[in-house]
Amino acid sequence: MFGECGLRLPCLGRGRRRAAAGKELEPVLLVSGIGGSVLNARNKKTGRKICVWVRILLANLEFKKYVWSMYNTETGYVESLDPDYEIVVPEDDYGLHAIDILDPSWWAKCLHLTDVYHFHDMIDMLVECGYEKGTTLFGFGYDFRQSNRIDKTLDDLRVKLESAYKASGGKKVNIISHSMGGLLLRCFISLYNDVFAKYVNKWICIACPFQGAPGCINDSLLTGLQFVYGFESFFFVSRWTMHQLLIECPSIYEMLPNPEFNWNQQPVIQVWRKPSEDNEAVKLDVYDPTECISLFEEALRDNELTYNGKSIALPFNFSILKWAADTRQILDNAQLPSSVGFYNIYGTSFDSPHDVCYGSETSPITNLSEVCHTTVSDTSSPYNLCFLTLFQSLILEISEFLMVGSQPEYTYVDGDGTVPAESAKADGFAAVARVAVESTHRELLKDKRVFQLLKQWLGVNDNSQHSMSSSKVMDVSIEPIPIELATRDLL
């Protein structure tokens, strides 16, 4: 009926025209990055599930209740503070549901809230090219709190690759990864090289922080991470709430700048300091990637959160740092199988944080703990959450937002707004093509020029205007299409 009158409602689906028969194509597996998977909290006894990432309504409260976690030094896993719940990733729609629209609520879809659209446009493009969900198109979401080399995630990836291989009739899989998903795959190659060679034909990597994301990650460990700005931020997870999770996430530590990488300019953290209130002398302390550890330790020494009325210490975690150092060795040891074609797309032409500076010459910091934001008491425990109305919850989130301290100052380099280009293109592999696209970190997932490259490399668009040689192509630039930067991109 709606089709006859020309009315199209996004929540009712969209008609798609196939360009080719799905069974004739090689299977494609889409792998997300940090923050790029839907997370559900599942009650261990009843099996009841509630979406906790991403959600718009009551986002801050539900995130604190179910997602705040602690690192288990014995197992290497991150475990939620609520012992009755575990974090799971939905497998609906052959894994595509978890990486499509990150707030899967019906009203988010009907209102077409594109801020939570992740692989959505790419999935639509691939379906229109003839890919069939469950036969030649699959998704892989995962618990991005965990390490990129944790056993469960790597085992799940192995199973997914095998399933895609069998479902397509024994055709090798073409992987498209975004951001930290590239580090996950690199760990997989290092630890399961023979499996990767058996099931994978091509790996197309988009915006991967191969050598780290200095400005973003250094600042995330000290002050948190904010994905949405302006009025919309009142309805989203706050910067400080996110910070209290990231302190216990191995995946974040694994994206710290690689101190052994030959950076064009070594990334640093700067702090304008005054030794004491009585001492008027002001100096600028500079910390390189190795020296930053002492800064993290001192600044986070008294960091804590309150959960269910109890205070929990959250200092800089040296156990995770050691784990991450071992992960770096695994990443550096990765050898791409000769049978696998590797393609790298990275973003350019946008200011990307490189150095971070706290305080100023006129407003210096006396105690390094001032670098971090003021700790806000948690009022979202299971005991009082039921007494909070939606209006009260919104007031709490606005209050927390207003209590956050001043923003740090960045020194920028060229990149996608999140990952510096020199990190994203330093994959160390013999690439078939390494292409620079003028776009931001997350917009690369819906960029028309990226889609042109994907169609060509996947062999579904022989008439592409941007033809690429089958030999190595290093740092090719694609002309820009105007885009709008509205939010801080996910990694």
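Read the figures in this text as sums done on the coordinates, not as results from a lab. Quick caveat, the model's predicted, so the values are computed rather than measured. So basically every Cβ, Gly included, is an ideal-geometry build from the backbone, and we count neighbours across all protein chains shown.
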- Mind listing the phi-derived Karplus ³J(HN,Hα) values for the stretch 154-169, rounded to whole Hz, using 6.51, -1.76 and 1.60 with θ = phi - 60°, and x for any glycine or proline? 5, 5, 5, 5, 4, 5, 5, 4, 5, 5, 5, 4, 6, 5, 8, x
- Hey, can you rank 177-186, 292-301 by average C-beta count inside 10 Å, highest first? 177-186, 292-301
- Task: Figure the gain on full extension for GLN266 and ASN333 (residue separation times 0.36 nm, minus the Cα-Cα span) and round it to one decimal in nm.
- Result: 21.9 nm
- Query: What area, in nm² and to one decimal, does the C-alpha convex hull of the stretch 69-204 cast on average over all directions?
  - Reply: 9.7 nm²
- Item | Relative pair counts by distance (%), Cα atoms of the stretch 111-165, 10 Å bins | 20, 37, 35, 9
- Net charge of Cβ neighbours under 12 Å - reference ASN333; Lys, Arg +1; Asp, Glu -1: +1
- Message: List the residues, sorted by chain then number, that are 5 or more residues from VAL173 or on another chain and whose placed amide H is less than 5 Å from its amide H.
- Response: VAL200, ASN201
- Item | Hull-based mean projected area of the stretch 215-342, where the convex hull spans the alpha carbons, in square nanometres | 12.8 nm²
- A chain fully extended from GLU370 to ASP278 at 0.36 nm per residue, minus the present Cα-Cα distance, gains in nm 31.4 nm
- Message: So if each residue of separation counts as 0.36 nm, and I subtract the Cα-Cα distance between ALA325 and ALA313, what length gain in nm does that give?
- Response: 2.0 nm
- Summed over the other residues with a beta carbon less than 14 angstrom from that of TYR358, with K and R at +1 and D and E at -1, the charge totals -4
